[in-house]
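Data block below; observations after.
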Amino acid sequence: MYFRPGIVFITILLICFVSGLNGDIKKSPVDILPGNIMDWKMKDEPEIYKGDDLFLYINGGADIYQEYGFKEVYSVEYEKEGTGRISVEIYNMDDPVSAFGIFSFKTEGKWKESRNGNLYCPEDYYQNILAGNYLIIITSIDVNEETKKGVRIFRKIFEEKISGNSPIPRIINLFNQEKFKKRIYFEGDLGLMNIYNLISTELGITNGAAGINDNNISLILNYNNGKNIRSNFSSLIDLLKIEDRYSEFVSIDGGVNFLDRKKNVIYATTLDRYIVIYIGEKLDEGRIIAKQISDEISLIK
């Protein structure tokens with residue numbers, strides 16, 4: 001009988017995996033990819049996309065992965081006879097912070113912590129896991145109760161065998177988790193644009209965070225690691241005034257209040273080394289959120 005080399009290789013990896021692979025997050029994604037799991041059989045060898053080849057794999061949306069710091073993705077399908085298929089994708093990012101960023105973008109801040117310190121977001125038919133540099137996405141392709149159960153089995157395997165430091169960036173912790181339904185960390189202008197299209201020009205931000213509730217969005221922007229914050233704030237307001245969509249600019253409490261086309265209230269100010277922007281229904285609400293963020297800054301210092 002002839003065995004394909006790739007299948008033999010994956011089978012050997014599975015033996016190592018089940019017998020106690022320590023889940024070193026510095027290993028290649030293929031080193032943590034399980035072979036056959038119970039009745040779930042790997043259909044083909046993993047597809048691998050590196051660098052700009054991601055655009056061949058993702059039809060729209062690859063830009064945001066690139067901005068966060070994408071290196072490579074391994075993709076493979078598993079099938080259980082008479083049940084359906086499950087896909088596993090392992091995204092290897094530049095570093096744990098980059099991985100956290102894309103994880104927060106996909107899960108919108110609705111994550112939990114596993115027993116070994118990884119973060120995960122359990123949904124009905126798919127699971128997202130963050131472990132060090134890796135974002136692991138397990139998806140039920142053919143949605144039924146058995147594939148949903150299979151997704152949970154795969155998640156438990158990854159959680160038990162992969163451990164790694166998943167640091168939450170300081171800037172996202174400025175949004176109190178109990179006060180915001182969603183929290184997203186972004187790196188660069190594209191990430192900001194995907195959350196709220198603030199301005200039509202590039203701002204050149206270092207990174208930022210968004211706190212989102214049902215009726216408001218709050219943004220924390222970091223320019224050049226906080227250097228010349230007042231100058232950056234003044235330049236930003238000047239750019240916003242040029243935009244046709246904003247009107248009725250009023251200076252207030254060291255910040256600026258104005259309206260967008262939908263008559264949403266926008267309140268912008270500086271706190272410590274950050275620019276904070278609220279988009280919502282009430283100015284007072286924006287000022288309260290700014291005070292909450294200021295309090296969090298004081299606690300973290």
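The condition of being more than 25 Å from Asn213 (Cβ to Cβ) and not β-branched (Val, Ile, Thr) holds for only one of Glu113, Glu108, Glu123, Glu89, that being Glu89. Within segment 50-66, residues that are of a type in the set (Gly, Ala, Ser) reach partners that are modelled with pLDDT of 90 or more with beta carbons closer than 6 Å, at six or more positions or on different chains, in the pairs Ala62/Leu54; Ala62/Phe55.
Here the condition is being surrounded by 13 or more Cβ atoms within 10 Å (Cβ to Cβ), touching a helix residue (DSSP H, G or I) at 6+ places or on another chain (Cβ under 6 Å) and outside the structural domain of Phe105 (by TED's automatic domain parsing); of Leu192, Leu271, Leu240, it holds for Leu271 alone.
For segment 278-301, taking the residues that are free of Cβ contacts under 8 Å to residues at least 24 places away in the same chain and acidic (Asp, Glu), the one that is farthest from Ile172 (Cα to Cα) is identified as Asp284.
One residue stands out in segment 218-248 among those that are closer than 16 Å to Val265 by Cα and among the basic types (Lys, Arg): the one that is farthest from the chain's Cα centre (by Cα), namely Lys241. In the set Ile129, Ile102, only one residue is assigned by TED's automatic domain parsing to the domain that holds Asp52, part of a strand (DSSP E or B) and surrounded by 17 or more Cβ atoms within 10 Å (Cβ to Cβ); that residue is Ile129. Please go through segment 137-169 and pick out each residue that is of a type in the set (Gly, Ala, Ser) and assigned to a strand (DSSP E or B). Passing the criteria: only Ser140. Of the strands (runs of 3 or more DSSP E) contained entirely in segment 247-301, those carrying at least 1 residues that are among the charged types (D, E, K, R) fall at 247-252.
Taking the criterion of being assigned to a helix (DSSP H, G or I) and closer than 16 Å to Arg155 by Cα, the only residue of segment 32-60 that qualifies is Ile32. Within segment 29-47, the set of residues being at pLDDT 85 or above and buried (at least 16 other Cβ atoms within 10 Å of the Cβ) comprises Trp40, Met42, Pro46.
Picking from residues in segment 213-231 that are closer than 29 Å to Lys181 by Cβ and touching a helix residue (DSSP H, G or I) at 6+ places or on another chain (Cβ under 8 Å), the one that is surrounded by the fewest Cβ atoms within 10 Å (Cβ to Cβ) is Asn216.
The values are calculated or read from the model by the stated rules, or taken from the named source; none is laboratory data. This is a predicted model, so every value here is computed, not measured. Glycine gets a Cβ as well: all are built from the backbone with ideal geometry, and neighbour counts include every protein chain shown.
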